[in-house]
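Novice: The structure is given below, and queries will be raised subsequently.
The values are calculated or read from the model by the stated rules, or taken from the named source; none is laboratory data. As the structure is a prediction and not an experimental result, all values here were calculated from the model. Note: ideal-geometry Cβ built from the backbone for every residue, glycine included; neighbour counts use all protein chains shown.
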Amino acid sequence: MATLQLKNVIKEFGDTHVIKGVDLEVKDREFVVFVGPSGCGKSTLLRMIAGLESASDGDIVIDGKRMNNIGPAERGLAMVFQSYALYPHMTVEDNMGFSLRLAGVSKAERKEKVLDAARILQLENLLDRKPKALSGGQRQRVAIGRAIVRNPSIFLFDEPLSNLDAALRVQMRVELARLHEELDATMIYVTHDQIEAMTMADKIVVLQGGVVEQVGSPMELYHHPRNRFVAGFIGSPT
Ligand code: ADP
Ligand code: MG
């Protein structure tokens, strides 16, 4: 069970107002996509949810608990970035199990969790490989595997597919949808790609200049965009 609420969340870097009062409700097991042009504040918002950045004002609430002063490790989240940052000298298995090792999880339990994640991600046959012997898509799956082994209640993805070629992106979208089904997890997914948003989301949050322009299902946004920006961005006829 994992819900998230943002209540009038604000972020200022000095005089720069990057997030200007965001309110949002994410339900348990929802797949929510933050979409908007480059620089609109998607990553900043995600990093505040993750606890990697502090909010200047407002509240971040997970499962009813205010998280503002709680560190990233205690929030029950796992984040997957655009740059996978795998450890080059470690095998796939060790990359996926590394955070568990740091957390003091026994070798046997680590192996079990890594194997479970590898099965879900179809990486079982690649566990002994080093990252340089993997394709881009396989590396991205390892990065997702590192998040899965931690069994987070909420997954945060920051443009995880943007380094992949078009065909692989399509394939990974399908795999992420399957993952969402299989893991029964709440997922928040950031992208600047409208097609990703329209095909993957239960709920889309359209951002522009640090403000939420509209929140709704892909069909709601397509058929009832609230303004020209949303219509233009989502590609609906209005
Ligand atoms: P997006 O992920 O939507 O492309 P970001 O959240 O990365 O946007 O950035 C939103 C705005 O905040 C940008 O104008 C960016 O320059 C600014 N910004 C992000 N991080 C910092 C920072 N640490 N210091 C100052 N400005 C920042
Ligand atoms: Mg970003």
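Novice: Counting just the residues of the range 184-214 that are within 14 Å of ligand 2 (Cβ to nearest atom) and charged (D, E, K, R), which one comes out surrounded by the most Cβ atoms within 10 Å (Cβ to Cβ)?
Specialist: Here the answer is GLU196.
Novice: Of the residues that make up the range 54-75, is at least one within 16 Å of ligand 2 (Cβ to nearest atom) and farther than 25 Å from VAL174 by Cα?
Specialist: no
Novice: Are there helices (runs of 4 or more DSSP H) fully within the range 112-231 with at least 1 residues that are modelled with pLDDT under 95 and within 24 Å of MET48 (Cβ to Cβ)? List them.
Specialist: 136-148, 166-183, 194-200
Novice: Filter the range 12-45 for residues that are assigned to a helix (DSSP H, G or I) and closer than 11 Å to VAL205 by Cβ; which is nearest to ligand 1 (Cβ to nearest atom)?
Specialist: Applying the filter and picking the extreme gives LYS42.
Novice: Between LEU221, LEU176, which is crowded, with 19+ Cβ neighbours inside 10 Å, farther than 30 Å from GLU93 by Cα and hydrophobic (A, V, I, L, M, F, W, C)?
Specialist: Exactly one residue qualifies, and that residue is LEU221.
Novice: Would you please list the contacts, defined by Cβ atoms under 7 Å and residues six or more apart or on different chains, that run from a residue in the range 5-18 that is more than 18 Å from GLU30 (Cβ to Cβ) and β-branched (Val, Ile, Thr) to a residue that is within 16 Å of ligand 2 (Cβ to nearest atom) and part of a loop (DSSP other than H, G, I, E, B)?
Specialist: Final answer for the pair search is VAL18/GLY41; VAL18/GLY210.
Novice: With respect to ILE62, is the statement that it is within 14 Å of ILE188 (Cβ to Cβ), touching a helix residue (DSSP H, G or I) at 6+ places or on another chain (Cβ under 9 Å) and among the β-branched types (Val, Ile, Thr) true?
Specialist: Judged against the criteria, ILE62 is a match.
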